[in-house]
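Enquirer: Pasting in a structure now, in structure tokens, and then I'll have a few things to ask.
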Amino acid sequence: MPLTNALWSPSPDRTENSGLTAFSNAAERRWNRRFRDYAALHQWSIDHVEEFWQSMWSFAEVIASHQGKRVVHDRHKMPGAHWFPDARLNFAENLLRQSDDGVAMVFRGEGKVASTVTYAALHEEVSRWGQVFRDAGLTPGDRVAAYMPNLPETIMAMLAASSIGALWSSCSPDFGVQGVIDRFGQIEPKILIGVDGYYYNGKAHDSLSKLAEITARLPSVQLVIVVPYVGSEPSIGGISHAKTSTEALAGYIPGPIEFAQLPFNHPLYILYSSGTTGMPKCIVHGAGGTLLQHLKEHRLHCDVKAGARLFYFTTCGWMMWNWLASGLASRATLLLYDGSPFYPDGNVLFDFAEQERMTVFGTSAKFIDAARKAGLEPARTHDLTPLRTILSTGSPLSPESFDYVYNRIKSDVCLSSISGGTDIISCFVGGNPNLPVWRGEIQCKALGMQVEVLDESGLVLGPGHKGELACANSFPSMPLYFWNDPDDTKYAAAYFAKVPGVWCHGDYVELTEHGGMIIHGRSDAVLNPGGVRIGTAEIYRQVEAIEEVVEALVIGQRWDGDTRIVLFVRLRDDANLDAALIDKIKIQIRTHTTPRHVPAKIVQVNDIPRTKSGKIVELAVRKVVHGEAVTNTEALANPEALEQFMDRPELGE
């Protein structure tokens with residue numbers, strides 16, 4: 001159905017003063033071009049990629065000992081393009097470009113702990129951590145792993161490691177031991193950073209016993225540094241090679257930081273696929289590509305300027321932590337939160353936003369939906385005057401959640417649903433401070449990304465047609481490689497098996513008449529009853545609009561030579577799945593979609609399994625329903641939830 005009214009449009013003043021406008025104007029002058037609108041700017045960014053990325057480098061004032069004249073070598077090779085092959089830089093140096101008394105980070109830990117770190121203090125602490133690492137023998141290419149909450153110390157240690165050229169990898173402390181070993185065991189870290197415990201839902205949770213077991217199973221670790229968080233003097237006697245951070249840093253005096261000048265494609269981060277269907281894949285990202293992409297997204301797509309108060313609700317096991325940390329390169333103040341977003345109630349993040357005058361509020365679509373269902377009205381209860389942008393990712397943001405944001409959170413805000421992934425440590429589609437916000441739509445294709453929608457035969461589809469999200473050009477933040485994948489076999493199979501030379505991302509999407517995008521779910525979870533392709537998000541939107549339903553999960557079950565749709569629902573405590581509610585759900589789906597979307601079976605469960613970053617795991621549930629093994633339940637936040645999907649009598653009828 002055509003949309004006629006935008007939910008929000010930027011004021012002329014906001015457009016005129018946005019980073020995107022400043023960048024566009026600078027590019028016009030430099031290359032003697034004229035961009036009449038964003039579509040023209042985007043087209044230039046993919047038709048003339050060398051001009052675009054040169055302009056981005058200059059606009060963001062990338063710090064480098066040498067840039068070189070070449071922008072990209074073999075740019076049409078995917079994988080295989082080599083960006084800025086002559087450049088030498090250091091990632092940490094770009095994030096530590098400010099060293100005054102301005103505030104670099106503000107931390108809140110579930111009401112238990114609060115701290116503020118200036119840029120000058122951040123420099124001093126990174127200097128001290130770096131000296132510890134060097135004295136421990138850390139060299140470029142070594143790995144530092146962190147089993148940490150979203151603390152200032154985590155960012156300090158990451159910056160120290162990257163100043164040397166070591167690779168950084170992190171998991172949040174709610175991961176079980178096997179989940180950590182499945183990840184860190186593959187990359188063999190030399191140094192492990194841990195914590196004594198963490199707070200969640202009003203309780204302190206011990207981490208030391210798990211840290212002791214993890215260390216015992218990582219023979220490569222030569223030094224363990226334990227950061228006190230829930231206590232002041234952690235008992236670390238049972239952990240091999242361990243020192244507290246207080247002990248490790250003692251005696252080290254802050255001084256100038258030695259930033260190793262390394263190639264643009266020197267490895268920086270190791271991130272992990274979710275691992276819900278097998279051992280997690282270790283995805284290696286480069287320093288220059290990560291930096292340049294994040295600078296682009298922060299300064300152009302999110303309009304982050306010096307002094308911005310940047311927040312994203314994330315753990316250290318999700319790529320949004322890495323994305324948030326890069327905000328320092330734009331001279332933003334990072335607002336860090338660790339703990340439950342609903343303790344003591346759902347207002348805690350909005351309290352943080354008000355108290356710290358947050359300008360960019362990043363969270364998950366699930367949080368926004370949960371706030372809506374909880375009846376929260378921050379527009380009435382909180383002063384969010386400085387808030388300019390709300391970011392949402394993790395899963396598709398429903399049209400009803402768009403309405404909720406503008407009706408109940410703030411009417412004058414750029415609501416940017418964004419989507420990309422761990423795979424590219426950035427976004428394919430995202431926000432735009434110069435464009436309107438349309439209900440249910442991601443605003444635009446990201447600059448420099450030739451985003452297309454493909455049908456099953458690889459043909460490009462126009463607006464209004466559903467297909468696979470693809471990217472037809474190379475870009476700087478493509479993975480360098482997968483760990484222990486010397487011939488790129490796993491890498492190629494992950495993204496290039498469907499259409500050689502074109503990145504196929506695995507999202508089922510459609511472009512809109514406004515140049516934006518709607519995501520209908522993961523393409524590997526697309527339902528196919530009677531040969532009709534249905535995105536799971538199409539069903540979730542309808543089901544979760546029903547008052548009695550808290551959340552849902554839908555799969556396709558093999559049945560009688562075809563596929564039938566099975567819908568699992570978690571209901572409010574005072575609701576039961578009786579015949580009347582089943583009819584209500586079916587009528588809602590049939591009325592607002594098609595009869596093909598109506599589930600053959602609707603089953604009540606008391607929990608929905610999800611990853612540590614909050615994504616529901618349709619594929620794992622589908623395996624359980626079909627009696628197949630789920631090989632890596634350690635990747636789940638609540639693996640016990642899978643048990644209720646086993647041997648359900650309703651699914652044998």
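Enquirer: Report whether or not Leu310 is more than 17 Å from the chain's Cα centre (by Cα), within 26 Å of His266 (Cβ to Cβ) and crowded, with 24+ Cβ neighbours inside 10 Å.
Expert: Details: more than 17 Å from the chain's Cα centre (by Cα): no; within 26 Å of His266 (Cβ to Cβ): yes; crowded, with 24+ Cβ neighbours inside 10 Å: yes.
So Leu310 does not fit the description; no.
Enquirer: With the requirement that a residue be modelled with pLDDT of 95 or more and closer than 20 Å to Phe496 by Cα, what does the range 432-458 give you?
Expert: Gly448, Met449, Gln450, Val451, Glu452, Val453, Leu454
Enquirer: While we're looking at this one, here's another question. Can you tell me which of Trp31, Trp44 is farther than 30 Å from Pro399 by Cβ, out of contact with any His (no Cβ under 8 Å at 6 or more places or on another chain) and free of Cβ contacts under 8 Å to residues at least 60 places away in the same chain? Can you show your working first?
Expert: Values: Trp31 fails: out of contact with any His (no Cβ under 8 Å at 6 or more places or on another chain).
Result: Trp44 is the single residue among Trp31, Trp44 that is farther than 30 Å from Pro399 by Cβ, out of contact with any His (no Cβ under 8 Å at 6 or more places or on another chain) and free of Cβ contacts under 8 Å to residues at least 60 places away in the same chain.
Enquirer: Pick out the one residue from Ser398, Ser477 that is modelled with pLDDT of 95 or more and either out of contact with any Asp or Glu (no Cβ under 6 Å at 6 or more places or on another chain) or of a type outside the set (Asp, Glu) (or both). Break it down stepwise before answering.
Expert: Numbers: Ser398 fails: modelled with pLDDT of 95 or more.
The match here is Ser477.
Enquirer: Still on this structure: Assuming Ile155 fulfils every condition listed in (1) in contact (Cβ under 8 Å) with a residue 60 or more places away in the chain; (2) farther than 20 Å from Glu258 by Cα apart from one, which condition is it?
Expert: (2)
Enquirer: Looking only at strands (runs of 3 or more DSSP E) that fall completely inside the range 405-451, which ones have 1 or more residues that are among the aliphatic types (A, V, I, L, M)?
Expert: Working: elements: 414-417, 419-421, 426-430.
Hits in the range 405-451: 414-417, 426-430.
Enquirer: Regarding the range 484-502, can at least one residue be identified that is small (Gly, Ala, Ser), buried (at least 18 other Cβ atoms within 10 Å of the Cβ) and outside any strand (DSSP E or B)? It would help to see each step written out before you state the result.
Expert: Let us first name the residues in the range 484-502 that are small (Gly, Ala, Ser), namely 492-494, 497, 501.
With buried (at least 18 other Cβ atoms within 10 Å of the Cβ) added as a condition, the list becomes 494.
Still in the running and outside any strand (DSSP E or B): 494.
The answer is yes; a qualifying residue exists.
Enquirer: Okay, next question. Does any residue of the range 239-261 turn out to be closer than 23 Å to Asp174 by Cα and aliphatic (A, V, I, L, M)?
Expert: Start the filter on the range 239-261 by keeping residues that are closer than 23 Å to Asp174 by Cα, which leaves 239-245.
Going one step further and asking which of them are aliphatic (A, V, I, L, M), we end up with 239, 242.
Yes, the range 239-261 contains a residue that is closer than 23 Å to Asp174 by Cα and aliphatic (A, V, I, L, M).
Enquirer: From the residues in the range 510-541 that are free of Cβ contacts under 8 Å to residues at least 60 places away in the same chain and of a type outside the set (Asp, Glu), which one is farthest from Lys445 (Cα to Cα)?
Expert: Among those residues, the one meeting the criterion is Gly531.
Enquirer: A further question follows. Check Asn265, Asn322 and return the single one that is within 26 Å of Phe84 (Cβ to Cβ), surrounded by fewer than 24 Cβ atoms within 10 Å (Cβ to Cβ) and either in contact with a Leu (Cβ under 7 Å, 6 or more places away or on another chain) or of a type in the set (Val, Ile, Thr) (or both). Please lay out each step first, then the result.
Expert: Details: Asn322 fails: either in contact with a Leu (Cβ under 7 Å, 6 or more places away or on another chain) or of a type in the set (Val, Ile, Thr) (or both).
On inspection, the qualifying residue turns out to be Asn265.
Enquirer: Quick test of your reading of the structure: Leu511 fulfils all but one of (1) under 23 Å from the mean Cα position of the chain (by Cα); (2) at pLDDT 90 or above; (3) not assigned by TED's automatic domain parsing to the domain that holds Ile425. Name the failing condition by number.
Expert: Looking at each condition in turn, Leu511 falls short on (3).
Enquirer: For the range 44-53, give me each residue that is under 26 Å from the mean Cα position of the chain (by Cα) and not aromatic (Phe, Trp, Tyr). Give the steps one after another, and end with the answer.
Expert: Taking the range 44-53 as the starting set, the residues that turn out to be under 26 Å from the mean Cα position of the chain (by Cα) are 45-46, 49, 52-53.
Listed by number, the residues that qualify are Ser45, Ile46, Val49.
Enquirer: Further, regarding this structure: Which residues, counting only those in the range 542-577, are touching a residue at least 40 places away in the same chain (Cβ under 8 Å), buried (at least 16 other Cβ atoms within 10 Å of the Cβ) and touching a His at 6+ places or on another chain (Cβ under 8 Å)?
Expert: Gln542, Gln557, listed by residue number.
Enquirer: Could you tell me whether the range 52-63 includes any residue that is out of contact with any helix residue (DSSP H, G or I) (no Cβ under 8 Å at 6 or more places or on another chain), closer than 30 Å to Ser398 by Cα, touching a residue at least 12 places away in the same chain (Cβ under 8 Å) and assigned by TED's automatic domain parsing to the domain that holds Gln443? Steps first, answer last, please.
Expert: Of the range 52-63, the ones out of contact with any helix residue (DSSP H, G or I) (no Cβ under 8 Å at 6 or more places or on another chain) are 54, 61.
Add one more test, that the residue is closer than 30 Å to Ser398 by Cα, and what stays is none.
No, there is no match, as no residue in the range 52-63 is out of contact with any helix residue (DSSP H, G or I) (no Cβ under 8 Å at 6 or more places or on another chain), closer than 30 Å to Ser398 by Cα, touching a residue at least 12 places away in the same chain (Cβ under 8 Å) and assigned by TED's automatic domain parsing to the domain that holds Gln443.
Enquirer: Inspect all residues belonging to the range 372-381 and state whether any of them is buried (at least 21 other Cβ atoms within 10 Å of the Cβ), closer than 23 Å to Trp323 by Cβ and either without any contact (Cβ under 8 Å) to a residue 24 or more places away in the chain or over 16 Å from the mean Cα position of the chain (by Cα) (or both).
Expert: Scanning the range 372-381, I find no residue that is buried (at least 21 other Cβ atoms within 10 Å of the Cβ), closer than 23 Å to Trp323 by Cβ and either without any contact (Cβ under 8 Å) to a residue 24 or more places away in the chain or over 16 Å from the mean Cα position of the chain (by Cα) (or both), so the answer is no.
The values are calculated or read from the model by the stated rules, or taken from the named source; none is laboratory data. Fair warning: this is a prediction, and the values are worked out from it, not measured in the lab. Note: ideal-geometry Cβ built from the backbone for every residue, glycine included; neighbour counts use all protein chains shown.
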